[in-house]
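Structure record follows, encoded as C-alpha cells.
The values are calculated or read from the model by the stated rules, or taken from the named source; none is laboratory data. Source: prediction; values computed, not measured. Every residue, glycine as well, gets a Cβ built from its backbone with ideal geometry; the counts of neighbours run over all protein chains shown. Keep in mind that these areas ignore ligands, DNA and RNA; they rest on the heavy atoms of the full protein, side chains included. Shrake-Rupley method; radii C 1.70, N 1.55, O 1.52, S 1.80 Å.
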Amino acid sequence: MQAKAQLEQQIIAKQPAPLHSSDGDPQETAEWLEAWDQILDEESPQRAAYLLTALTERARSAGLELPPPSFNTPYWNTIRVEDELPYPGDLEIERRIKSVIRWNAMAMVVQQNKKDAGIGGHIATYASIATLMEVGFNHFFRATIKDQEGANQPGDFVYFQGHASPGIYSRAFLEGRLSLKQVENFRHELREEPGLSSYPHPWLMPDFWRFPTVSMGLASLNAIYQARFMRYMENRELVAPTDRKVWAFLGDGEMDEPESMGSITLASRERLDNLIFVINCNLQRLDGPVRGNGKVIQELEAAFRGAGWNVLKVLWGRGWDPLFAKDRAGILLKRMEECVDGEYQSFRAKEAKFLREQFFGRYPELAEMVADMSDEEIWDLRRGGHDSIKVYNAYRRAFEHKGQPTVILAKTIKGYGLGPSGGEGRNLAHQSKKLDENDLVNFTQRFNLPISEEDAKAAKFYLPPENSPEVIYLHERRRELGGYYPTRETKSDLVETPPLEFFKEQLSGSDGREVSTTMAFVRVLTNLLKDKTVGKRVVPIIPDEARTFGMESLFRQVGIYASQGQLYQPHDSDMFLYYKESKDGQILEEGITEAGSMCSFTAAGTAYSNYGVEMIPFYIFYSMFGFQRIGDFVWAFADARGRGFLCGATAGRTTLNGEGLQHQDGHSLVLSSTAPTCLSYDPAFAYEIAVIIQNGMRRMYQEDEDVFYYLALYNENYAQPPMPEGAEEGIIKGVYKLRAGEGKPKAHLWGSGPMVNEALRAQRILAEQYNIQTDVWSVTSYNELRRDALRVERWNRLHPAEPERLPYIIQVMRETEGPIIASTDYMKIVPDQVAPWLNGRLISLGTDGFGRSDSREYLRAHFEIDAESIVAATLSRLAREGKFNVKKAAQAMIDLGLRTEAIDPSLA
Ligand SMILES: Cc1ncc(C[n+]2csc(CCOP(=O)(O)OP(=O)(O)O)c2C)c(N)n1
Ligand SMILES: [Mg+2]
C-alpha cells in the first residue's frame, strides 16, 4: 500500500506530459490503470515495474516514439520519512558543538580581517556545510580501520571542500588539537608562532591535511581515482580489503569544472561503492547563483543517475514533513518544482514575510497550509542539508549502498546563520569576511551561544570548558571512530632500492645497436617489475600510448588491471604478447585521459602515507599532453608530497618529427621546472636514465624524501654508449664532460637529450674543417644546476663574512675557457637558466616557436639546433671575440647551409 500511495503522490504531483494531449478513451485508460494498480497492490512493486518495462519494450519494438526516460525524481528527498532511521547521537549536544564550531570558524576569519584587512578567508561556505561536516565527524569519518590481520590501516579518506577549511580548523581547535595561537594565526603562516594555511595543503601542514582540494575540480577527479586505486591495492593484495570510504565534499558551482564530472562514468563502471560524493548545493558560487534560471540539483541528479550513480537528494528538513503529509493534492511539490534556483535564493535572502507571500502565497491551498504558522516557524523550515537527521540518513544509505558510487545532493543556504552583513543567501556571501556588530550578536542568539554581547561584538573565540558535556561528547565520538580527523600519516614503509649494478644492461651500452631512450627506459621498467623487492610496488600508468612507446610486452608480463578480470577472449590471445587484462593486473592502462592518469599517479605516489605502502608509480605519457594539459594536478601532487616518476615520452620539438605543431613538445621542461619538488632531467643515454632512476628511487623510497622526477624520453634510435667512468655525480647534478677534444678546447659544446649527438657531430666538423678543438658535455638537468647555484648564491649573500662557496656549475666550468654553445630540443630558456653563472659565455640554441611537420634533419635546421648550427654559432662567437677570421665565419654560414635571411623560427 505504501508503495502505491507514494506512487500516487508522484503521479499527481509530476503530471508527466501525456503522450497525446487528450485522452481519447478515459474509460479504457481507467481500466488499464486499475489493472495495474491491482498488480501493485496484490503482487509487488517489482512485478508492477516489470510489466511497465515489458510494455515499454513492446511499444519500442512496434516503432512507437515514447517520451525520453526521465532521470529526474520529484524535487523532494529521496529517502521517505517512513524509511528514516532514528538518529544515533544526541542531537541537542551535537547542535551545541556545531554552534561553537560555526562561531569560531567565523571568528577566525573576521578577526584576521580586522587586524589585517585583505588577508581574506571565507565564512559563508562553512556556514552552509557545517551540518554536512558535523554528521560526518560525529558518526562516519573513521580515523583508522583494523584490517583482517588486526593491523591498523589509515581510515576513511575525506576530500574537504577547500575553502570551508576554517570550519575544519575550528573543530580541531575545539578538540584541543590546534592551539589558540594557531587559530589566531589563520592565514598568517610566516610569524613567530605557527599559523594555519589558508586551504588544505599537506605541504604546509603535513600532519593534518591529506588532500589538496581548493583548486576547483581537482577533488572530484582525484577522489574517483583514489577510490579506484583503493580497489587496485586490495585486488593486488597490497592492502587488506576494508569497508573504508572515500568521501568528497564538493561545491555545486565547482561541478561546472570539466574535471568534476568528466570521469563519473569510471566510478560507476568500476562499481566504486567505496566512493561517496556530497555536493553542497547552496545554489550559489562566487558571483551569484549557480543556475539562477534552472535547478542545479535536478541537473546534477539527471547527470549522475544517467551515469549510473546512486543519487540521494536531501532537499528538505524535517519541518517540511508535516506539510508534505498534508499536501494531498501535491500543490506543495508543484510549487517546489516550478521555482527556479534564483527564486529559492531570494526566499532566503529576504525575510519570512516574503517567503510566505511569494512561495506559499502563490496558491491559496498553500497559503492555507501555513496560515497557522508564525513567521518564525516558517523561517525555521530548513533545507535538508541543515537537518542532521536527514543528512545522517543519506550518509547511512550511501555507506551501505552496494555496487554503485553514491552522490548526495544536499540543499543548503550559503552563509547560513550569518545574517545580512554576512551575506546569508546573498550574492555577496562568498566574499563576505566581516559581520557587523548587530549580526555578531544575532549569531550568538540564533545559535544559543553563551557569549557576552561584548565578546560577540569583538568576535572573540569561545571554548566551552574541558569538562563540559559538549567537549566530553566530542572526544567520545572521535574515540569511537578511531581518533581525530583529519590527520595525515607521515611514516612510510621504506624499501631497500636496487643498487646501481642492478642497471648493468643500461650502464654497459647497446653494443652499437640503435635504441631510443624511451626503449631504454622500458627495459629499466621491465627489469624493475621483475625485481623481488620493488617489483610489486611499481605502478606503470599509461593513457593509451603503450604501443607508441614500445611497452606492449608489459601487457603480457604483468597484466592490465581490470577489476572484473577479462570477460572476453582477446582476439590476439594466440599471440605471445596478447592484451591481457586481469584482476590483479599491475598496469593502469587508463585510456585517453591524461588528467585521470595523473590522478592515478597521485593516488599511487601518496600511497606511502594513505595506505602505509610505498608504491613506485611511473606515469608515461605523450610529453606535449603532460604539464601543459594537467599542470594544476601536478601542482597538487607536489603539495600532497607525492613521489614518483613522470615520464614525458615523444619528447623534443624536433625529435618527434612528423606530428607537427600540436604534438612536438619544446616546453615541458620549462613547465616542470616550476614545481618546487620536481627534479627535471633531460637524459641523452640509457646509462643516464639508469643513474637518475636509481638515485631517484633511493631518495624517495629509501631515504623518505618528498620529491618527484620528470624525465624527457625521446624516440630517436641511436647507439647507446657505455657509461664513462665517474660520470654518476655529474649526471645527477646536471652536467658532465662526455668527450674531450684532441687538444686545448677553444669552445665547449653542450647537448641534452638527442642534441648531444648533434654536439658530437659539431665537434667533428669543427675539428676537421675548421681546426678548432672543443669539448662536448652532456647536460642532464639545467634546472638542477640552477637550483644548486641559487641555493649557494643565497647562502653567500646571507653570509658575507664567510668564505664564498661555489655553485656546481662554476666548479665544473671555472677551469675552462671560451664560449659555451648549448643545443637543446627544448626552448632556449632551458639552458639560459644557468647563464648568470657563466660570465656571458653561454649561447643557447633551442626550439622556440611553433613546431612543424617534417623530418628531424629539416626541423633541426629550421630551429638552428643541428650540428651545422652549433658549428656556425661557435665560429660566429669566436669571430666576434677576435679568435676566428670574420670573413671565414661569414663564408662558413654559407658553407654550412644556414639560412641567414630566413625568418626567425621563434616567429615563424
Ligand atoms: C580552478 C579554480 N577556479 C577558481 C577558483 C576560485 N573560487 C574559489 S571558491 C569559488 C566558488 C565556489 O563555489 P561553489 O563550488 O558553489 O562552493 P560554495 O562556496 O558555494 O560552497 C571560486 C570560483 C578556484 N578556487 N579554483
Ligand atoms: Mg555553491
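Taking the criterion of being over 28 Å from T487 (Cβ atoms) and away from ligand 1 (no atom under 16 Å from the Cβ), would at least one residue in segment 630-644 satisfy it? Looking for residues that are over 28 Å from T487 (Cβ atoms) and away from ligand 1 (no atom under 16 Å from the Cβ), one finds none in segment 630-644, hence no.
Only a single criterion out of (1) touching a residue at least 12 places away in the same chain (Cβ under 8 Å); (2) over 19 Å from D632 (Cβ atoms); (3) more than 16 Å from ligand 2 (Cβ to nearest atom) is not satisfied by E234, namely (1). Within segment 839-869, the residues that satisfy the criterion of being open to solvent by 40 Å² or more (accessible area, probe 1.4 Å), over 39 Å from the mean Cα position of the chain (by Cα) and acidic (D, E) are E857, E868.
Going residue by residue through segment 163-173, is there one that turns out to be within 16 Å of ligand 2 (Cβ to nearest atom), open to solvent by less than 10 Å² (accessible area, probe 1.4 Å) and either of a type in the set (S, T, Y) or under 20 Å from the mean Cα position of the chain (by Cα) (or both)? Checked segment 163-173: at least one residue is within 16 Å of ligand 2 (Cβ to nearest atom), open to solvent by less than 10 Å² (accessible area, probe 1.4 Å) and either of a type in the set (S, T, Y) or under 20 Å from the mean Cα position of the chain (by Cα) (or both). No other residue among P206, P200 is more than 16 Å from ligand 2 (Cβ to nearest atom), modelled with pLDDT of 95 or more and within 17 Å of the chain's Cα centre (by Cα) apart from P200. Quick check on my filter: what residues within segment 807-838 are farther than 14 Å from I865 by Cα, touching a Gly at 6+ places or on another chain (Cβ under 8 Å) and crowded, with 24+ Cβ neighbours inside 10 Å? I809, the sole residue that qualifies.
Yes or no, residue by residue, for (1) of a type outside the set (A, V, I, L, M); (2) in a loop (DSSP other than H, G, I, E, B); (3) over 25 Å from V735 (Cα atoms):
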site	(1), (2), (3)
N839	yes, yes, no
I843	no, no, no
F850	yes, yes, yes
Y858	yes, no, yes
E864	yes, yes, no
T874	yes, no, no
R877	yes, no, no
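Of all residues in segment 600-613, at least one satisfies being within 26 Å of the chain's Cα centre (by Cα), under 19 Å from S680 (Cβ atoms) and of a type outside the set (F, W, Y). With respect to the conditions (1) within 13 Å of ligand 1 (Cβ to nearest atom); (2) of a type in the set (V, I, T); (3) within 23 Å of F141 (Cβ to Cβ), T406 lacks only one, and its number is (1). Tallying residues that are more than 15 Å from ligand 2 (Cβ to nearest atom) and either crowded, with 24+ Cβ neighbours inside 10 Å or free of Cβ contacts under 8 Å to residues at least 40 places away in the same chain (or both) within segment 253-262 yields 0.
For every residue, the table says whether it meets (1) in contact with a strand residue (DSSP E or B) (Cβ under 9 Å, 6 or more places away or on another chain); (2) more than 16 Å from ligand 1 (Cβ to nearest atom); (3) in contact (Cβ under 8 Å) with a residue 24 or more places away in the chain.
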position: R271; (1), (2), (3): no, yes, yes
position: C281; (1), (2), (3): yes, no, yes
position: G288; (1), (2), (3): no, no, yes
position: N310; (1), (2), (3): yes, yes, yes
position: W316; (1), (2), (3): yes, yes, yes
position: I331; (1), (2), (3): no, yes, yes
position: R348; (1), (2), (3): yes, no, yes
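Residues that are at pLDDT 95 or above and at positive phi within segment 594-648 comprise R641, G644, listed in sequence order. Screening N467 with (1) closer than 30 Å to P154 by Cα; (2) of a type in the set (S, T, N, Q); (3) under 36 Å from the mean Cα position of the chain (by Cα) gives one miss only, at (3). Take the conditions (1) within 25 Å of G288 (Cα to Cα); (2) exposed (fewer than 15 other Cβ atoms within 10 Å of the Cβ); (3) out of contact with any Asp or Glu (no Cβ under 7 Å at 6 or more places or on another chain); W379 misses just one of them, which is (2).
No other residue among L221, L250, L204, L266 is within 13 Å of ligand 1 (Cβ to nearest atom) and either open to solvent by 20 Å² or more (accessible area, probe 1.4 Å) or over 28 Å from F173 (Cβ atoms) (or both) apart from L221. Within segment 463-489, can you find the residues that are part of a loop (DSSP other than H, G, I, E, B), over 17 Å from G136 (Cβ atoms) and open to solvent by less than 70 Å² (accessible area, probe 1.4 Å)? Within segment 463-489, P464, S468, R488, E489 qualify.
Closer than 30 Å to G292 by Cβ and among the acidic types (D, E): does that describe E437? Quick ask: steps written out before the conclusion?
On the way: closer than 30 Å to G292 by Cβ: no; among the acidic types (D, E): yes.
No; evaluated as a whole, the condition is false for this residue.
Annotation: G509 fulfils all but one of (1) open to solvent by less than 10 Å² (accessible area, probe 1.4 Å); (2) part of a loop (DSSP other than H, G, I, E, B); (3) not β-branched (V, I, T); the unmet one is (1).
In the set K414, K460, only one residue is surrounded by 23 or more Cβ atoms within 10 Å (Cβ to Cβ), basic (K, R) and not in a helix (DSSP H, G or I); that residue is K414.
Rundown of residues vs (1) surrounded by fewer than 18 Cβ atoms within 10 Å (Cβ to Cβ); (2) more than 16 Å from ligand 1 (Cβ to nearest atom); (3) not β-branched (V, I, T), yes/no style:
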site: P67; (1), (2), (3): yes, yes, yes
site: T73; (1), (2), (3): yes, yes, no
site: V81; (1), (2), (3): yes, yes, no
site: M108; (1), (2), (3): no, yes, yes
site: G118; (1), (2), (3): yes, yes, yes
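When segment 845-897 is limited to residues that are aromatic (F, W, Y) and in contact (Cβ under 8 Å) with a residue 12 or more places away in the chain, the one that is nearest to S823 (Cα to Cα) turns out to be F863.
Mind checking which residues of segment 420-457 are more than 16 Å from ligand 1 (Cβ to nearest atom), in a helix (DSSP H, G or I) and open to solvent by 80 Å² or more (accessible area, probe 1.4 Å)? Matches in segment 420-457: E437, N438, Q445, R446, E453, E454. Taking the criterion of being touching a residue at least 12 places away in the same chain (Cβ under 8 Å), in a loop (DSSP other than H, G, I, E, B) and farther than 21 Å from A675 by Cα, the residues of segment 689-736 that qualify are Y714, N715, E716, N717, Q720, P721, P722, M723, P724, A727. Residues in segment 392-407 that are in contact (Cβ under 8 Å) with a residue 60 or more places away in the chain and either farther than 20 Å from R228 by Cβ or open to solvent by 10 Å² or more (accessible area, probe 1.4 Å) (or both): Y392, N393, A394, Y395, R396, R397, F399, H401, K402, G403, Q404.
Applying the condition of being within 16 Å of ligand 2 (Cβ to nearest atom) and more than 16 Å from R478 (Cα to Cα) to segment 126-158 and asking which residue is surrounded by the most Cβ atoms within 10 Å (Cβ to Cβ) yields S128. Just for segment 237-247: of the residues that are open to solvent by 20 Å² or more (accessible area, probe 1.4 Å) and not hydroxyl-bearing (S, T, Y), which one is nearest to ligand 1 (Cβ to nearest atom)? The selected residue is D243. With respect to (1) open to solvent by 10 Å² or more (accessible area, probe 1.4 Å); (2) under 40 Å from the mean Cα position of the chain (by Cα); (3) among the hydrophobic types (A, V, I, L, M, F, W, C), the lone exception for I731 is condition (1).
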